[in-house]
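Enquirer: Attaching a single structure in structure tokens format; questions to follow.
The values are calculated or read from the model by the stated rules, or taken from the named source; none is laboratory data. The model shown is predicted, which means the values in this text are computed figures rather than measured ones. Neighbour counts run over all protein chains shown; Cβ positions are idealised from the backbone, glycine included.
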């Protein structure tokens, strides 16, 4: 005969952990994951303190969608010039962002390198169109 250990039964069952993992694999917030798993945030945080390896696992799962999205962008960047430019604007802001700066000493406008690049790209595009039309 087994002895009753007493106390409340755990609600952090393998089924709950599986649901949390599924939600975190979709980059759900803790609040969303807890709702999906049917537990309170307090229960989640209490159990994470007891099992820090789960916190690491959940954090890792939350990065998965970001990595998949990054992979999709990089995979398709060579097929889409707009996507490529947007990537550069966000990744290398100083060099490629669309911005103008005001020179306070002369109250003039300084055109950033991106403006020059975009202007050059438009000119090249126009020349290519003209060349195709002449054929």
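Enquirer: Please state which one of 21, 86, 15, 46 is in a helix (DSSP H, G or I) and in contact (Cβ under 8 Å) with a residue 40 or more places away in the chain.
Expert: Of 21, 86, 15, 46, the one residue that is in a helix (DSSP H, G or I) and in contact (Cβ under 8 Å) with a residue 40 or more places away in the chain is 21.
Enquirer: For the stretch 95-113, state whether one or more residues are exposed (fewer than 11 other Cβ atoms within 10 Å of the Cβ), in a helix (DSSP H, G or I) and modelled with pLDDT of 70 or more.
Expert: There is no residue in the stretch 95-113 that is exposed (fewer than 11 other Cβ atoms within 10 Å of the Cβ), in a helix (DSSP H, G or I) and modelled with pLDDT of 70 or more.
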